[in-house]
Amino acid sequence: MKKLIIISTAILVFGCTGDFGDVVDYKEVENPNLSEASVVGQPNSASIWLTGLERQLANVFNETLVLSELGSDNYVNTQTFFNQFMDGLLIQITDPDMRDTQRQIQRLRELAVFGIGQVGPGDPNYNAEIEAEFNYFEGISYLFSGMYFSALPQEPVGVPVTSNEHYVNAITSLDAAIALNAKPEYYLAKARANYYLGNKSEAVTAATAALSLDGSFDRVAMFDESNGPSNTFEDALYERATFDDLQPLPTLDFVDPKYSFLDPNEDAPVHYLKAEEAYLILAEANLSDDDIAGARTNLTALLNLISTREVRSIDDSIEQRSQVDEGSRPDNSAVVVNGRAGLVLDRQLGDIDVPSVSGTSLTAEDIAAMQDDDEGLSLVYRTRQEVFIAEGLRMVDMGVKLVIDENEILINENINEGDLGTTPVVPSFISAVVADLDAITYDAATGVATTVIDLNDILVANKTSDQVVPFE
């Protein structure tokens with residue numbers, strides 16, 4: 001009905017004058033500085049286009065990170081100007097953040113496709129390395145489409161493609177990149193796509209290949225503090241001054257804020273494809289194969305790698321951890337959370353040390369005591385949560401999917417409300433605990449804090465579901 005109303009309105013408007021079409025025919029307006037000819041066929045245009053793709057990826061993260069972290073149990077939105085609905089997993093087609101997230105991912109795809117088909121072939125200095133990157137970015141656009149949406153068109157006003165199909169198409173593009181110029185992050189992106197598809201053997205092969213090329217690789221998205229885009233999530237976590245923004249679960253206090261101010265020109269990067277993920281994929285596969293020795297080996301390698309990653313010493317004294325009420329949240333190192341000490345930092349006694357790439361509470365003793373059981377698998381998921389905080393993976397691990405936005409539904413004749421992709425996907429075992437995702441109890445007098453639920457245990461308890469824990 002809505003589509004019919006829009007079409008009818010358009011007929012009335014455009015039917016009011018025979019000349020109105022000429023007035024709005026923007027295709028006839030040409031800017032000689034922005035024409036296709038100014039890019040296609042020019043020397044070094046491919047490398048310049050590649051820089052544009054890197055910039056667009058930063059735009060993608062500025063949309064996906066806010067939504068996915070708010071939609072997870074990592075952070076509670078106590079008082080911000082960011083999305084007011086995702087904390088309660090109220091996912092709506094009318095939410096402009098759905099529109100913006102979808103568009104930024106699709107723009108990344110279209111830029112990559114145009115680079116492969118037009119810009120690269122027209123550049124006399126085009127080479128295999130840049131061509132591989134174009135294919136890589138196309139693959140990343142499909143990967144993110146599959147991660148965050150249950151269905152999404154893969155071309156302008158096209159038929160929605162399921163998340164699994166997006167993962168398969170991501171693998172195809174990544175294979176093209178690997179064939180041209182193999183890089184560890186290409187293999188890891190392929191491993192992630194296979195991981196979420198539940199293709200254990202293929203995920204293990206790709207993760208192993210990534211580590212064989214470089215056991216400590218780290219692909220980052222860069223941000224420009226002075227000219228933009230700056231890192232929106234860094235603004236939320238650190239540069240908010242006295243504005244009380246996002247509060248992490250007390251179990252994650254020690255890894256917050258992952259992003260903090262660097263300098264007036266360069267903003268904190270997002271470490272979005274790193275070797276840690278390969279080790280965690282391998283360890284999870286080990287557990288599903290009843291190979292506890294292999295899991296311990298891979299987790300030990302993970303710990304060794306994390307010990308080499310950058311830890312930033314920062315002044316975070318402005319962070320009161322007070323939420324709205326003074327003393328409402330754990331704020332000093334003496335606090336014990338879920339029976340564990342050392343998870344909360346005291347930000348008022350001086351600079352604090354916070355991992356900027358990866359951090360974890362996992363210890364060698366934990367690994368040695370780990371067994372091939374649900375508790376061991378829950379430990380792997382706790383470690384995933386810690387290592388990937390503020391990187392947009394937790395909501396995906398929860399099986400939650402966003403929706404196609406209303407504008408796309410209205411203008412795309414291939415989509416109607418109620419179709420796959422237009423309704424949110426929230427597993428029943430997640431919707432049952434939405435109110436408790438970020439809930440804690442805290443007694444400041446005794447210094448004891450407890451999360452109301454342990455979502456890692458809930459994920460593992462529902463491991464037979466096809467929405468979570470893909471190797472089970």
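Computed from the coordinates by the stated procedures, all read-outs in this text should not be read as laboratory data. Computed from a predicted structure; not experimentally measured. Don't worry about glycine lacking a Cβ; one is built from the backbone with ideal geometry, like all the others, and counts go over all protein chains shown.
What does the net charge come to around Q102 if you take all other residues with beta carbon closer than 14 Å to its beta carbon, with K and R at +1 and D and E at -1?
With Lys, Arg at +1 and Asp, Glu at -1, the neighbours total -4.
Can you work out the PRE-style zone for N181? Point 7 Å along Cα to Cβ, and I want the residues of the stretch 129-151 with backbone N under 11 Å.
Under 11 Å, as judged by backbone N against the label point of N181, lie 129-136 of the stretch 129-151.
Once you list every other residue whose beta carbon is under 11 Å from the beta carbon of A170, what net charge do they have if Lys and Arg are +1 and Asp and Glu are -1?
Local charge sum for A170: 0.
Against the longest alpha carbon principal axis of the chain, how many degrees, from 0 to 90 and to the nearest 10, is the axis of helix 128-148 turned?
Tilt relative to the chain: about 70 degrees.
Report ³J(HN,Hα) in whole Hz for each residue of the stretch 363-375, in order, from the Karplus equation J = 6.51 cos²θ - 1.76 cosθ + 1.60 where θ = phi - 60°; Gly and Pro get x.
10, 4, 5, 4, 5, 5, 8, 5, 10, 7, 8, 4, 5
What's the angle, to the nearest 10 degrees (0 to 90), between helix 96-114's Cα axis and the longest principal axis of the chain?
Here the helix axis deviates by roughly 70 degrees.
Kirkwood Rh over Cα pairs of the stretch 326-472 into Stokes-Einstein at 4 °C, 1.567 mPa s: D in µm²/s?
It comes out at roughly 71 µm²/s.
Sorted by mean Cβ packing within 10 Å, highest first, what order do the peptides 371-383, 394-406 take?
Most protected by this proxy first, the peptides run 394-406, 371-383.
In nanometres, what is the gap between the two model label sites at A341 and A369, each 7 Å from Cα along Cα-to-Cβ?
1.5 nm
For the stretch 83-200, what size does the Cα cloud have along each of its three principal axes, sorted from largest down, in whole Å?
49, 35, 25
To the nearest 0.05, what FRET efficiency results for N127 and T446 with a Förster distance of 60 Å applied to their C-beta separation?
The pair N127/T446 has a calculated efficiency of 0.40.
Can you compute the label reach from E310? Point 7 Å from Cα along the Cβ direction, backbone N cut-off under 14 Å, restricted to the stretch 248-282.
Backbone N within reach: 258-272.
Can you tell me what percent of all Cα-Cα pairs in the stretch 246-331 are more than 20 Å apart?
For the stretch 246-331, the fraction of Cα-Cα distances above 20 Å is 55 percent.
So how many Lys-Lys pairs in the chain land under 23 Å Cα to Cα, not counting same-chain pairs under 8 apart?
11
Show me, for the stretch 180-197, the HN-Hα J-couplings you get by feeding each phi into the Karplus relation (A = 6.51, B = -1.76, C = 1.60, θ = phi - 60°), rounded to Hz, glycine and proline as x.
So the Karplus estimates, Gly and Pro as x, are 8, 6, 4, 10, x, 5, 5, 5, 5, 4, 5, 4, 5, 4, 5, 4, 6, 6 Hz.
Pulled fully out, how much extra length does the chain show between E165 and D457, if you take 0.36 nm times their separation in residues and subtract their Cα-Cα distance?
102.2 nm
Compute the distance from the alpha-carbon center of the stretch 316-366 to that of the stretch 61-115, in whole Å.
Going from one Cα centre to the other spans 27 Å.
What does the helix-only formula give at 222 nm for the chain: each DSSP H stretch with n ≥ 4 adding -39500 (n - 2.57), the total divided by the residues, and the result rounded to the nearest 500 deg cm²/dmol?
It lands at -13500 deg cm²/dmol.
For Cα pairs less than 8 Å apart in space and 6+ apart in sequence, what is the mean separation divided by the residue count of the chain, i.e. the relative contact order in percent?
That works out to 18 percent.
Taking P(r) over Cα pairs in 10 Å bins from 0, in percent straight from the coordinates, which label in (i) 4, 19, 29, 26, 14, 6, 2, 0; (ii) 3, 15, 23, 26, 20, 9, 3, 0; (iii) 4, 18, 26, 19, 14, 9, 5, 3, 1, 0 is the correct one?
Checked against the structure: label (i).
Over the stretch 308-358, what is the relative contact order in whole percent, taking alpha-carbon pairs under 8 Å and six or more residues apart?
Computed value for the stretch 308-358: 48 percent relative contact order.
How big, in percent, is the set of alpha carbon pairs in the stretch 285-389 lying more than 23 Å apart?
39 percent
Provide the per-residue ³J(HN,Hα) series for the stretch 163-175, in order, calculated from phi with Karplus coefficients 6.51, -1.76, 1.60 and θ = phi - 60°, each as a whole number of Hz, with x at glycine and proline positions.
My calculation for the stretch 163-175 gives 4, 5, 5, 4, 4, 4, 5, 4, 4, 4, 5, 5, 4 Hz in order.
Once the principal axes of the Cα atoms of the stretch 131-230 are found, what is the range along each, listed largest first in whole angstroms?
44, 40, 23
Using 0.36 nm per residue of separation minus the Cα-Cα distance, give me the extension gain between D466 and E413 in nm, one decimal.
Extending this stretch completely gives an extra 16.1 nm.
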